[in-house]
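The values are calculated or read from the model by the stated rules, or taken from the named source; none is laboratory data. As the structure is a prediction and not an experimental result, all values here were calculated from the model. Here the Cβ positions follow ideal geometry from the backbone for every residue, glycine too, while neighbour counts run over all protein chains shown.
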Amino acid sequence: MTDLAILRESASNFEGYLTSLVPRILGFSAHCHNMKKMFDMENIKNEVAEGDMSYPNCMEKEQKGMALELRNLNFAYPNSKSKKQALSNVNLTFPAGSLVVIVGTNGSGKSSIVKLLTRLYAPSDDSSILVDGVPISSYRLADLRRATAVLSQDHYLLPVSLGNNIGLGSVAHVHDQNLMQRAAALGGATEPINKLERKYDTRLDPGNSAEGYDLPKAHDHPLVKKLEELEKGIEMSGGERQRVVAARTFMRLLANQQEVKLVAVDEPSSALDPEAEAALFSNLIGMREGKTMVFVTHRFAHLVKHADIIVCMKDGGVAEQGTHEELLALDGEYARLYRCSET
Ligand SMILES: Nc1ncnc2c1ncn2[C@@H]1O[C@H](COP(=O)(O)OP(=O)(O)OP(=O)(O)O)[C@@H](O)[C@H]1O
């Protein structure tokens, strides 16, 4: 009788193991597939054309920033179903070292300009964008990327510690704690990080999983409790995440002050409170020496006094451009948006 009970118990355990083996095997093949996709990414051809000119082509320390010119620029997103182009006949000149603010209603083409300047996309005619007077496609892409710092509305954090999330702004300096903490302060990330138990060592998604281990059944077993603690995710608000991402950009700026010639900032403050937003813009402007800065934002009231050029976009074209005073005097699209932004 005892033998029979043992046999039944063993058979049912064995069945349990077999049943749990199937999802694990399936999971393993999914992991292999994902790894293959990751390695295949190396072979994805860059569709944006590049030349063999190095950038900057002179190593003058005094260079004021990247000079940019858009000449009769037309652009439609590849695979876009819309008949309308995202940008049509855009003509703009941003001298080296200028601070540019691009404003306009939703869908007017502001982000598309930034995506073209940062070479995420290429316009139909590559000679319609000039960098220091030379068609942008003549330069090596890696050189242009090294000379550009981008801060966008995307607040994606990598599955590594918050400290590394900031440090990776400059891979070569990722272990420089001093630089990383200065960057955190400039991005406004010090306070939200310091209130976490593990501070800069915190991983928001700890990535631990006890699945598949033979754990003790008792819920109060110390091992079960420890694993529960390790598996617990840590939440940060959208605004706090945006501060960490901003700190990553400051890391890049602090570590590569001479190298970066263009800073492109695309609506990085949508989740920030007004105080944090003002501090972020002021800290970015504080680093403008030797750089051209292009800001895209709907909340531009406290930026415009620093702007050399304000561009007001409408329906994929430039509606107005000039200084704050000139555009207010026009009493057109910009003046209307400005009055709305003040209220
Ligand atoms: N990836 C894309 N694929 C196809 N069309 C796009 C893509 N991104 C933007 N567009 C289209 O291009 C046009 C300009 O978009 P863009 O994002 O430049 O506007 P925006 O002024 O930055 O808008 P917002 O203020 O809402 O961010 C819009 O009509 C938009 O629908």
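No other residue among R198, R241, R252, R203 is at pLDDT 95 or above and among the charged types (D, E, K, R) apart from R252. Taken together, the residues in segment 315-332 that are buried (at least 17 other Cβ atoms within 10 Å of the Cβ) and in contact (Cβ under 8 Å) with a residue 24 or more places away in the chain amount to 4.
When segment 1-47 is filtered for residues that are within 30 Å of R145 (Cβ to Cβ) and not in a helix (DSSP H, G or I), the ones remaining, listed by number, are I44, K45, N46, E47. If I filter segment 291-301 for residues that are over 16 Å from the mean Cα position of the chain (by Cα), of a type in the set (S, T, Y) and crowded, with 16+ Cβ neighbours inside 10 Å, do I get at least one hit? Scanning segment 291-301, I find at least one residue that is over 16 Å from the mean Cα position of the chain (by Cα), of a type in the set (S, T, Y) and crowded, with 16+ Cβ neighbours inside 10 Å, so the answer is yes.
Within segment 144-156, the residues that satisfy the criterion of being closer than 19 Å to L254 by Cα and surrounded by fewer than 18 Cβ atoms within 10 Å (Cβ to Cβ) are R145, R146. The residue that is modelled with the highest pLDDT, counting only those in segment 45-76 that are charged (D, E, K, R) and surrounded by fewer than 17 Cβ atoms within 10 Å (Cβ to Cβ), is R71.
Here is the figure for segment 333-342: residues that are surrounded by fewer than 18 Cβ atoms within 10 Å (Cβ to Cβ) and either in contact with a helix residue (DSSP H, G or I) (Cβ under 9 Å, 6 or more places away or on another chain) or free of Cβ contacts under 8 Å to residues at least 40 places away in the same chain (or both) total 4.
All conditions in (1) over 24 Å from H155 (Cβ atoms); (2) in contact with a Phe, Trp or Tyr (Cβ under 6 Å, 6 or more places away or on another chain); (3) away from the ligand (no atom under 15 Å from the Cβ) hold for E259, with the sole exception of (2). Looking for something surrounded by 20 or more Cβ atoms within 10 Å (Cβ to Cβ) and under 27 Å from Q242 (Cβ atoms) - is there at least one such residue anywhere in segment 117-124? Looking for residues that are surrounded by 20 or more Cβ atoms within 10 Å (Cβ to Cβ) and under 27 Å from Q242 (Cβ atoms), one finds at least one in segment 117-124, hence yes.
Okay, residues lined up against (1) surrounded by fewer than 16 Cβ atoms within 10 Å (Cβ to Cβ); (2) more than 16 Å from the ligand (Cβ to nearest atom); (3) within 25 Å of the chain's Cα centre (by Cα):
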position: N79; (1), (2), (3): yes, no, yes
position: A86; (1), (2), (3): no, no, yes
position: N91; (1), (2), (3): yes, yes, no
position: A96; (1), (2), (3): no, yes, yes
position: L99; (1), (2), (3): no, yes, yes
position: I102; (1), (2), (3): no, no, yes
position: K110; (1), (2), (3): no, no, yes
position: K115; (1), (2), (3): no, no, yes
position: I129; (1), (2), (3): no, no, yes
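Of all the numbered requirements in (1) assigned to a loop (DSSP other than H, G, I, E, B); (2) at pLDDT below 85, E228 misses one, and that requirement is (1).
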